[in-house]
Amino acid sequence: AGEAGIRGVIVYSGSSYGSGSGTGRFGAVHPTDIAFDPATGGYLMVDSEVDEGPFFSSINMFRLNGEAGRLGGVSLTSFTKEPTGITAWVNAAGETHLFITDDNRQRVFEVDADNPSVVIRSFSTTTFGCQDPEDISINPANGHLFILSENDRRIYEVTQTGALVAKIQLPSWF
């Protein structure tokens, strides 16, 4: 009763986080995923279509505060122009790492949240059968990743290095 805080975030396609033109214009035309950042209490949002109109921008990840207000944008285009999923993990050293899926390159990229434009490591999703990695989540108990594949309606559970743990078939109506 009376608990304060955000209960959910709704991101509307076509939303805008600023004005200007070209790389000075920030916006989210097709936000594909949002993740809670436990280190900051804020959110990280990726958009796979910002390089298209109306923004024509290289900024494809947005840092949001705990109330979902924009704090800034980051370009991940050095390794992905199609970020489809994002999740955050605080490792044993206290560092926040992000795992980002790319459905065009069929890869998962691991980056440090403090320097997200530099890839620490990555792995192919095709090695365990995932052809279309759309979304990613993390199991807070063991750090395993859950990758949703759109074309075969499966969730792939893998380690943070890409070793398959389990496949979960979703119902045909999903």
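The values are calculated or read from the model by the stated rules, or taken from the named source; none is laboratory data. All of these numbers come straight from a predicted model, not from anything done at the bench. Because the Cβ atoms are built from the backbone with ideal geometry, glycine has one as well, and the counts that use them run over all protein chains shown. Only protein heavy atoms, including side chains, enter the accessible area calculation; ligands, DNA and RNA are left aside. Shrake-Rupley method; radii C 1.70, N 1.55, O 1.52, S 1.80 Å.
Would you mention how many residues in the range 43-96 are small (Gly, Ala, Ser), within 27 Å of THR159 (Cβ to Cβ) and outside any loop (DSSP other than H, G, I, E, B)?
The number of residues fulfilling the criteria is 2.
Could you go through the range 99-108 and let me know if any residue there is modelled with pLDDT of 95 or more, over 16 Å from SER48 (Cβ atoms) and in a loop (DSSP other than H, G, I, E, B).
No: the range 99-108 contains no residue that is modelled with pLDDT of 95 or more, over 16 Å from SER48 (Cβ atoms) and in a loop (DSSP other than H, G, I, E, B).
Hey, among the residues in the range 139-174 that are assigned to a loop (DSSP other than H, G, I, E, B) and in contact with a helix residue (DSSP H, G or I) (Cβ under 9 Å, 6 or more places away or on another chain), which one's surrounded by the fewest Cβ atoms within 10 Å (Cβ to Cβ)?
Out of the qualifying residues, it is ALA163.
Take GLN131 and tell me if it is under 22 Å from THR80 (Cβ atoms), part of a loop (DSSP other than H, G, I, E, B) and open to solvent by 80 Å² or more (accessible area, probe 1.4 Å).
In short, yes.
Residue pairs, Cβ under 6 Å, 6 or more apart or interchain, first in the range 127-153 and without any contact (Cβ under 8 Å) to a residue 40 or more places away in the chain, second basic (Lys, Arg) and in a strand (DSSP E or B). List them.
none
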